[in-house]
Every structure is written in structure tokens, then in C-alpha cells.
Amino acid sequence: MSTAQLNRSMWLVNLLRRYGRLTRAQINEHWRTSSLSNGRDIPRRTFFNFRDDIDTMFNIRVQCDPHTYEYYLEEDEHSRNMTSWMVHTQALSDVFTRSRDVSHLIFLEDVPSARSHLQLVVDALRDKYRLRFDYAPYTRSTPSRDVVIEPYFMKLFKQRWYVTGRAVKDGTAIKTYALDRMLNPSMLDEHYAIPDSFDPETYFRDSFGIVFTQGLVYDIKLRVDARQAKYFRAVPLHHSQQEMVHDTFSVFTYRMKISPDFVEEILSHGSRVTVIQPPELKAMVLTELTDALKNYDR
């Protein structure tokens with residue numbers, strides 16, 4: 001899809017999100033005053049092309065109510081988040097394209113996994129082909145050879161891309177792999193199907209980041225000082241996050257599983273965050289702090 005098609009599609013998505021429902025005549029009025037139209041109407045065929053482009057690119061359907069002749073978006077929360085991410089990415093691309101003269105003054109974080117096999121894995125996921133690769137996690141000195149997976153979904157977390165799917169040699173086991181730790185990946189000429197019973201949203205619903213465990217789901221409470229609470233509000237740690245504001249601090253509550261990654265997240269905020277409950281999480285944080293202090297007792 002060209003930049004012009006993307007911009008037109010996003011214009012219609014944002015318009016319908018803002019107003020909810022609009023007739024074609026109302027959409028046309030907004031179109032004529034937009035910077036994309038040059039004051040002209042949307043031809044009927046072009047409007048239906050907009051709808052097809054939105055369906056193809058974002059998996060969002062622009063539906064028409066046969067009783068009111070109003071158009072509206074049929075999308076779930078995941079599609080909404082994905083579209084917002086794509087809009088943000090496109091906006092950044094446009095900004096940087098127009099700012100090449102100051103590119104030496106713009107510093108970005110490197111995302112190795114974005115250049116390591118991303119297109120190959122996306123293609124395999126889209127066309128439902130198995131992937132084979134060697135895998136070299138940081139926790140092992142030698143790589144695992146000839147790993148074969150059936151990709152179920154992908155996720156971006158803390159500047160790294162991951163793919164989750166069924167590890168063929170392990171029967172029904174579902175595992176997650178970092179793209180930047182794959183070696184010599186290739187797409188096999190072997191199709192697969194994702195089970196109808198598998199739902200990615202449900203799979204990670206109670207987990208933090210990309211770590212999935214079979215552990216218990218806990219009611220978690222964190223005491224966060226007033227300044228750090230602003231960051232938590234802007235960038236929630238988990239979709240279950242709730243906040244109770246006090247004079248000098250906030251208490252953030254979560255409903256999720258405990259994992260080493262979540263312990264590391266808490267520790268990264270230093271003294272500004274304190275675990276109130278559960279005791280299991282408090283003990284894990286205290287153990288990490290105690291072990292860290294031992295490094296300075298020598």
C-alpha cells in the first residue's frame with residue numbers, strides 16, 4: 001500500500017472513531033475540508049476502495065447500517081491497538097523522511113530484532129508455513145539445533161520482537177522465541193493450522209510481558225510515590241492496572257501472574273516502588289535486593 005493510500009485509509013478510520021457513525025454525505029463533507037482532498041468529493045468507487053484498503057491492511061471492517069445508511073467501524077480492542085501502533089510508526093517515518101538534514105542530531109534506540117528475520121517470520125505467520133531455525137538464548141552456551149515451530153502470534157516487548165507458537169518436536173508445547181536469537185531461519189514447505197481453541201489475547205491475559213507461566217494469578221498491590229505514579233499512568237504495566245490516589249503516593253493494583261521479568265520491572269524503579277502484596281512477590285523482590293547487596297560486601 002502506498003503512503004497516499006495509507007493516509008486516506010487512516011483519515012477515514014480516525015474520522016469514524018471520532019464521530020462513531022456517519023452517512024456517506026457527512027463523510028464527504030469532512031473529506032472536502034481535509035488536506036487530502038483538494039476540495040473535491042470522494043468518488044463512489046474511491047470510497048469503496050478506502051473500505052477495502054482498511055479491511056486488507058488493518059483487519060477493520062467499515063460497515064453500513066441498512067436502516068440509517070450510516071457507516072461505522074467494526075473492530076476489537078486488539079485491532080484498535082494495532083492500528084494506533086501503525087499510525088504512530090507511519091507518522092515517525094514521515095517525520096524522519098522530512099528531517100534528513102538533522103538526522104545526525106536524532107538518536108534512536110536500536111531494535112536488533114526488527115532487522116533480524118522480522119519479514120520472514122511475518123510471512124510464515126501470514127501464510128501458515130512452519131519455521132525452522134537454530135536458537136541461541138542468552139542462558140545457554142550452545143544453541144538448540146533444528147527448532148521447528150508453527151507460529152501462532154508475534155509480540156513486541158521492550159524493544160525486542162518475539163514469536164510464540166507450537167514447538168513441533170515437543171508435541172503440544174507452546175513456546176516463545178526472540179527473533180534476534182534465531183540463527184539461520186528458513187520457511188518450510190509445510191502448512192499448519194492454528195487451533196480454533198487458541199486465543200492469543202487469553203494466552204497472555206494474566207502475564208507480564210512475554211513470559212508465560214502456569215502459575216497462580218495474584219492480586220498485586222504496589223505503592224508508588226507521587227512522581228513515579230505519573231509514569232505508571234502514562235505507560236501502564238498491565239491492562240488490569242487500577243489506581244487509588246493518596247496525598248503523597250498512589251497504590252496501583254493488578255491481577256496477574258508473578259514472573260522474574262515482573263520482579264525486574266519493580267526493581268528498575270528503585271525506592272520509588274514498594275510491594276504491598278502478595279507476600280510471595282515481596283519475598284522475591286527482597287531476595288533480589290539482598291543478593292545484590294552481597295556483591296558490595298566483599
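The values are calculated or read from the model by the stated rules, or taken from the named source; none is laboratory data. Quick caveat, the model's predicted, so the values are computed rather than measured. With ideal geometry, Cβ positions are generated from the backbone for all residues, glycine too; neighbour counts draw on all protein chains shown.
Scanning the range 164-191 for residues that are among the hydroxyl-bearing types (Ser, Thr, Tyr) and either within 20 Å of the chain's Cα centre (by Cα) or surrounded by 17 or more Cβ atoms within 10 Å (Cβ to Cβ) (or both) yields 164, 176, 177.
Scanning the range 207-225 for residues that are surrounded by 14 or more Cβ atoms within 10 Å (Cβ to Cβ) and of a type in the set (Val, Ile, Thr) turns up 210, 211, 217, 220, 224. Only residues that are surrounded by fewer than 18 Cβ atoms within 10 Å (Cβ to Cβ), outside any loop (DSSP other than H, G, I, E, B) and modelled with pLDDT under 85 were counted in the range 106-129, giving 5. Taken together, the residues in the range 240-291 that are in contact (Cβ under 8 Å) with a residue 60 or more places away in the chain and out of contact with any strand residue (DSSP E or B) (no Cβ under 6 Å at 6 or more places or on another chain) amount to 1.
Across the range 186-204, what is the total count of residues that are of a type in the set (D, E, K, R) and touching a residue at least 24 places away in the same chain (Cβ under 8 Å)?
Qualifying residue count for the region: 3.
The strands (runs of 3 or more DSSP E) falling completely within the range 130-185 that include 3 or more residues that are modelled with pLDDT under 90 and more than 14 Å from residue 198 (Cβ to Cβ) map to 144-157. Residue 73 falls short on exactly one of the conditions (1) within 30 Å of residue 153 (Cα to Cα); (2) of a type in the set (A, V, I, L, M, F, W, C); (3) assigned to a helix (DSSP H, G or I), and that condition is (3). No other residue among 198, 232, 204 is of a type in the set (Phe, Trp, Tyr), surrounded by fewer than 17 Cβ atoms within 10 Å (Cβ to Cβ) and touching a strand residue (DSSP E or B) at 6+ places or on another chain (Cβ under 8 Å) apart from 198.
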